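The values are calculated or read from the model by the stated rules, or taken from the named source; none is laboratory data. Please read these numbers as outputs of a predicted model, since none were measured by experiment. When we count neighbours, we look across all protein chains shown, and the Cβ atoms used for this are built from the backbone with ideal geometry, even at glycine. We work out accessible area using only protein heavy atoms, side chains counted, and drop any ligands, DNA or RNA first. Shrake-Rupley method; radii C 1.70, N 1.55, O 1.52, S 1.80 Å.
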Amino acid sequence: MFHCILTVLLGSAISQVSTTLPSNAIPQIDVVTRPEVTRPATAWRFDENAQGWAPLHECALSVDDHVLKVQASGDDPYFHRHVDLPKGTYLVRLKARSKTSGGGCVYWATQTSPGYSEDRSARFPMIHDGQWHDYTARVEADDRLTGLRVDPGSAAGVVEIDHVELDAVSVFPVAIQQINVLPDEVQFALVNTSEAKQTIEIDTIQRTFDAGEQWVLTKPLDKSQPLEAVSLVLKAAGFSPFRRTLFVHHPSAQAEWTIRKTGPLELQVGRNGRIARIYRDGKLVALLAPIVHFDGLLPELHEVAPKQPQPQKANDRVKPAAVQLQGDGVTVKIDLDGDELAVTIDSEKPCEGPVVRTLGDLEQELFAGLEYLGKGETSSSLLDVETNERFRFAPDRLKVTLPLMAVRTDRASVAVTWRDMQLQPIFAVPNFFDQTPDHRMALRGQRIEAVVRVTADSLEDQIRWAVQHNGGLPPLPKAPRTEEEQWALCLAALNGPLHTEQGWGHCAEDHWARHPFADHASTIWRLTGHAPELPQLVPGGAHIRNSAIYFVTGRARQWLDHQRRQVDDILRRQQPDGSFHYQGKYTQGHFEDTASGYCALPAMQLLEYARATGDRKALAAACKTLDYMRRFRTPRGAQTWELSLHTPDQLASAYLVWAYVRGYELTGDKSYLADARRWALSGVPFVYLWSCHPTMLYGTPPVYGATNWQAPLWIGLPVQWVGGVYAYALHLLAPHDETLDWDHLARGILITAEQMQYPDGQWVGLLPDSLELTQQERRPWRINPCALVSLRRVLDGKLDALAVAIDGDHRVVAPFPVTLGNGTAEIDAQPGVKYQVLVDGQRIVDVESQGHDVVRLGQP
């Protein structure tokens, strides 16, 4: 709330009255960066010694030939230095060379926060080619700056630093702190953020602000045109000027329109080329407002196409003629065809357009790779990312997984797609650019080709449309090796640093305890035909379960008992309505204590048990959860070991697909299949369907958020183990649904995971936890490849784990392919192998294989 002076700007007249600026529900986000100037603050050049820098963790420092050498002894080296500088903004600039790996980071400490933490850190990518490179990190010290820490990568080795410089940053002293768009005026709340008196020019008027002083400037709205540009231009000595412009729509303003109609859509284009209105079934649902602009300035456009639509043949349908506009240095074409508007903008200089503004109350929204929100939520919020990386309204284009922005409101579903991935997408929900309650999607560039689809369809159908409109799923990447080479690589991983006398680790690092994991042992048996000799088995170990080893080592009863205990525990946790509820710190940021992914995992486990045993209680409980989960619209909440329940999550999509497919297979309820299809589409925006790096296409950034809301930020950072679980679920769906080629998508994800595996060296065959795209660097942890083996086998039509065969009378679980008929189970097995089968969830039969085995299913 502002208690300040209101300056009313009416031409040259200025009056002052006391006022209070009301709060505004629309987020107040700086979409225009204030100009800055820098000046040197201090510098460290290593002519003789380390200049006060000292090692803190897993490194040693020395100086040789005017270079600071950082000898890193582990994966987390860092060193620091005490400083004493005023609070403010600084740029840390360092020149370094290395042949290690990982990104760099600068942490800072202040007088009131003397420790180093993620909320006071700035990351930067590093190039590890042995050449000198300059790096910059931005420090925002809210109190006196007392310490700097540098993390030079994440691997052992030598990093050399030529110098470290610290520049003080001065930001344009006056900020626009709040904007209110009212029926007759726009209010701009200004504040002097500096600690000294400042004189600035506002439009054509000079004003002096005391330190910290707040002012509210009001501009009346003209409202004579459907679209009005309201600008504020600020200037201060020593800084470049900057402009803040809002575009305000006046629905009742009179104007001349060019009208095009097709089906339920009507397009009205203003004759002055500033705005277009989109009606669906007679209701105003969206705007192009403006159609195009140049940094807040509207060009003068005139129509050059015929005023009356001329019928044209397109795809055996008659569609109206396009609307063509032309102005000084820019041409625009808007072509209405069915439920799509194709908008083409050719400009001699950078511009923004079309600015698509969807009207109505938000139901769902998607910005592929960055945002996936539900009813009434806001983009660029703090709910999943609390650092400055939360600002996703004009993101690094490398973080966009496919060209799609979509908003579904209570009026319509509106999606925007494009093909040139060099264009800059702009996204604000609600529209904090113009401080209006609509929802804004736009593109920036010079040659802009966009397609806007306006329908009543679901958000998931807009995902399907975007994929198909842009040519379908891309061709598969080239597999990095043959099947034989792939299996050899995976065996090398399982016999490498993963393995000790105690068993295998989930990951290779010592942090991960070693156990005789069933998943690892089952994978080795599948690849070699020989079961490891283990005195005991521990369930799990990989991201995709593989329990075959229990059935080829005489432990089928142990497996069954463990499954029953697990199901009993799940049933105890299940609520009467079928839900599951989380208790812990990761409810922060979420509006409830449950989520789709949190419920889907136990539902999936219940269904797998019911499928194997025929247990009716487990099936009924699982179906109750499947029915409960229909209240969810966003895949989220599957990784509560480090992420908020609120965080959109592809692993949630995977569990949901898996559960609903099994629900459909066990009950025949086709509505479950529709749910599986919907959730499969929800996972597609977590997959890169374009590429500008060798390993990127079909990479899978796992979530739209950050661990502990701080770091690592997973947006734009593929984590292929998550994608692998999603791909496995897609394979389960593929026989039942052809909405997309699900096996093709799953195969692409698998191949990219195989590209990411370490091809040699210490971590040979292991899967990195993530891959930094720009530098193509693998990042720890180093994960066992068992899930990749399972995924490749099922996609190749081979059995990976346990086979389950069901007919009207019996069900059989076996470690080999099995078919049922005439009261028998026929099993194609490995001659000489002793194995077990589970019959009807109760009876365990021992078999010594003859190659083709027949087991009678009646009572023994």
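Here are the numbers for the structure shown:
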quantity: Per-region count, the stretch 59-75, residues open to solvent by 70 Å² or more (accessible area, probe 1.4 Å) and in a loop (DSSP other than H, G, I, E, B); calculated: 3
quantity: Residue check for VAL158: out of contact with any helix residue (DSSP H, G or I) (no Cβ under 6 Å at 6 or more places or on another chain), of a type in the set (Val, Ile, Thr), open to solvent by 20 Å² or more (accessible area, probe 1.4 Å) and closer than 15 Å to LEU61 by Cβ; calculated: yes
quantity: Near pairs, Cβ below 8 angstrom, 6+ apart or cross-chain, from the stretch 811-824 (under 15 Å from THR553 (Cα atoms)) to any residue that is at pLDDT 95 or above and open to solvent by 50 Å² or more (accessible area, probe 1.4 Å); calculated: PHE816/ASP828
quantity: The stretch 429-479 - residue that is in a loop (DSSP other than H, G, I, E, B) and among the acidic types (Asp, Glu) and, of those, surrounded by the fewest Cβ atoms within 10 Å (Cβ to Cβ); calculated: ASP457
quantity: Residue satisfying all of: in the stretch 544-596; among the hydroxyl-bearing types (Ser, Thr, Tyr) and over 30 Å from GLN830 (Cα atoms); most open to solvent (accessible area, probe 1.4 Å) among these; calculated: THR587
quantity: Selection count where residues are in contact with a helix residue (DSSP H, G or I) (Cβ under 8 Å, 6 or more places away or on another chain) and aliphatic (A, V, I, L, M), scope the stretch 385-422; calculated: 6
quantity: Some residue of the stretch 104-112 being at pLDDT 90 or above and either open to solvent by 60 Å² or more (accessible area, probe 1.4 Å) or more than 34 Å from the chain's Cα centre (by Cα) (or both); calculated: yes
quantity: Filter result for the condition that a residue is under 18 Å from the mean Cα position of the chain (by Cα) and open to solvent by 10 Å² or more (accessible area, probe 1.4 Å), over GLU371, GLU377; calculated: GLU377
quantity: Qualifying residue in the stretch 763-780 (condition: crowded, with 20+ Cβ neighbours inside 10 Å, within 30 Å of THR667 (Cβ to Cβ) and of a type outside the set (Val, Ile, Thr)); calculated: no
quantity: Candidate set: the stretch 484-512, residues that are touching a residue at least 40 places away in the same chain (Cβ under 8 Å), part of a helix (DSSP H, G or I) and not aliphatic (A, V, I, L, M); chosen: the one most open to solvent (accessible area, probe 1.4 Å); calculated: TRP487
quantity: Tally of residues being modelled with pLDDT of 95 or more and in contact with a His (Cβ under 7 Å, 6 or more places away or on another chain) across the stretch 113-149; calculated: 4
quantity: Residue that is farthest from the chain's Cα centre (by Cα), among those in the stretch 726-755 that are touching a residue at least 60 places away in the same chain (Cβ under 8 Å) and part of a loop (DSSP other than H, G, I, E, B); calculated: ASP737
quantity: Residue in the stretch 517-526 that is free of Cβ contacts under 8 Å to residues at least 12 places away in the same chain, open to solvent by 20 Å² or more (accessible area, probe 1.4 Å) and either assigned to a helix (DSSP H, G or I) or touching a helix residue (DSSP H, G or I) at 6+ places or on another chain (Cβ under 8 Å) (or both) present; calculated: no
quantity: Residues that are in contact (Cβ under 8 Å) with a residue 40 or more places away in the chain, outside any loop (DSSP other than H, G, I, E, B) and charged (D, E, K, R), drawn from the stretch 589-645; calculated: GLU608, ARG611, LYS617, LYS624, ASP627, ARG630, ARG636
quantity: Selected residue (only one of ALA122, ALA109, ALA137 is in contact with a Lys or Arg (Cβ under 6 Å, 6 or more places away or on another chain) and part of a strand (DSSP E or B)); calculated: ALA122
quantity: Of all residues making up the stretch 187-220, the number that are under 27 Å from PHE247 (Cβ atoms), aliphatic (A, V, I, L, M) and more than 39 Å from the chain's Cα centre (by Cα); calculated: 3
